[in-house]
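The structure appears below as structure tokens.
The values are calculated or read from the model by the stated rules, or taken from the named source; none is laboratory data. These numbers come from a predicted model, not from an experiment. Here the Cβ positions follow ideal geometry from the backbone for every residue, glycine too, while neighbour counts run over all protein chains shown.
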Amino acid sequence: MNDTTNQLQREAEVLDFINNKNKEDSIQRDFTNLNSSPEIKLRKLDSECSKGTSICLDTILGKIYKDALPFEDPQKQCSDDTARWIMHDYISKRTNGKGSEYYIREAIKKTNSPTLKMILNEAESLVKEFYEEKAKDIGTIDIKDLDFKVNLNQDKLDKLTKKMDLDEVSEIIQKNVQDTLQQEADRAKKEEEYRKSIEDKLAANTDVTDDASMESAMDKMIELSGQPKVYQASLFESILLGKASNINESTSNSDLLTESIHEFTKLNISKALKLESFDLRKLRSMADSYLAG
């Protein structure tokens, strides 16, 4: 009796296994058939191409960014994909995640910039090219091959940015960044010389006997020199100070400077391409936001 019961139980388990396997195979066939449908694949293609313009714009802006970096910067040798993601992250922060297509279209509304229109048109042309290439084989193409990819190798990207004179934009940005770094160094040197001069004068002043008299004498010297009593950090210095407030023990001064140059270079791209307004009020607001971390 027990043997019969065990046999029946084993047969029932085998039948359950076969039925479950048949159900799984049926679901998989239905899924495969669904993904093979031209209508489904066209929907996927439309969805991918809706993201494509921003991906292309990130790629073009990534090329500008790489070319604008100082010659000795290690990030200048990064891949096009890495440069694209660097600009994608930067723009995402400045648009609350709306992306580079939104960023550029909004800037065109405000400035009617022919350069931005040209960049947008090139990106849209790349998306159209991708769509037409995939759509003609929609009946046979695998749905996995519909993921949007920028069809640009280094040579094509070089030709594209050269055609739009974006190489010149990168050179201008690179020079602006280098000039700013030199100005910051010169300013720091002058401030050090000014501080040393005040210290020497205070040390020689016999009327300075305590903290109160020292503060009074210093205020008079600053007033006579024409220096502002409230120090206003420059945008680059604000970036540097903001990053310095968030560093960990493994971050070197060299890394801190490099990261600040990267951020300042991206901001100069926004400025050079007129993606944002950089008037005095906006500059001070940005400087304050970087100082706040």
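Is it true that Glu72 is surrounded by fewer than 18 Cβ atoms within 10 Å (Cβ to Cβ) and not in a helix (DSSP H, G or I)?
Values: surrounded by fewer than 18 Cβ atoms within 10 Å (Cβ to Cβ): yes; not in a helix (DSSP H, G or I): yes.
So Glu72 passes the test.
Here is a list: Asn268, Asn246. Which entry is at pLDDT 90 or above and within 21 Å of the chain's Cα centre (by Cα)?
On the way: Asn246 fails: at pLDDT 90 or above.
Of the residues listed, the single one that is at pLDDT 90 or above and within 21 Å of the chain's Cα centre (by Cα) is Asn268.
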Selection count, region 142-163, where residues are over 15 Å from Ala83 (Cα atoms) and buried (at least 18 other Cβ atoms within 10 Å of the Cβ): 3
So how many residues does region 154-180 have that are under 21 Å from the mean Cα position of the chain (by Cα), among the charged types (D, E, K, R) and over 13 Å from Gly62 (Cα atoms)? 3
Filter result for Glu132 (farther than 21 Å from Lys266 by Cβ, touching a helix residue (DSSP H, G or I) at 6+ places or on another chain (Cβ under 7 Å) and either outside any loop (DSSP other than H, G, I, E, B) or among the hydroxyl-bearing types (Ser, Thr, Tyr) (or both)): no
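What is the residue count in region 236-279 for residues that are over 21 Å from Leu61 (Cβ atoms) and in a loop (DSSP other than H, G, I, E, B)? Quick ask: steps written out before the conclusion?
Looking only at region 236-279, we keep the residues that are over 21 Å from Leu61 (Cβ atoms), and these are 237-238, 240-257, 279.
After this cut, where a residue has to be in a loop (DSSP other than H, G, I, E, B) as well, the list is 245-252, 279.
So the answer is 9.
Does Phe130 satisfy being modelled with pLDDT of 90 or more and in contact with an Asp or Glu (Cβ under 6 Å, 6 or more places away or on another chain)? Working first, answer last.
On the way: modelled with pLDDT of 90 or more: yes; in contact with an Asp or Glu (Cβ under 6 Å, 6 or more places away or on another chain): no.
No.
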Result of the Cβ filter at 9 Å on region 171-196, keeping first residues that are outside any helix (DSSP H, G or I) and at pLDDT below 90 and partners that are acidic (Asp, Glu) and surrounded by fewer than 11 Cβ atoms within 10 Å (Cβ to Cβ), at least 6 apart or interchain, is none
Within region 149-167, the residues that are farther than 15 Å from Phe130 by Cβ and either in a loop (DSSP other than H, G, I, E, B) or among the acidic types (Asp, Glu) (or both) are Asp155, Asp158, Met164, Asp165, Asp167
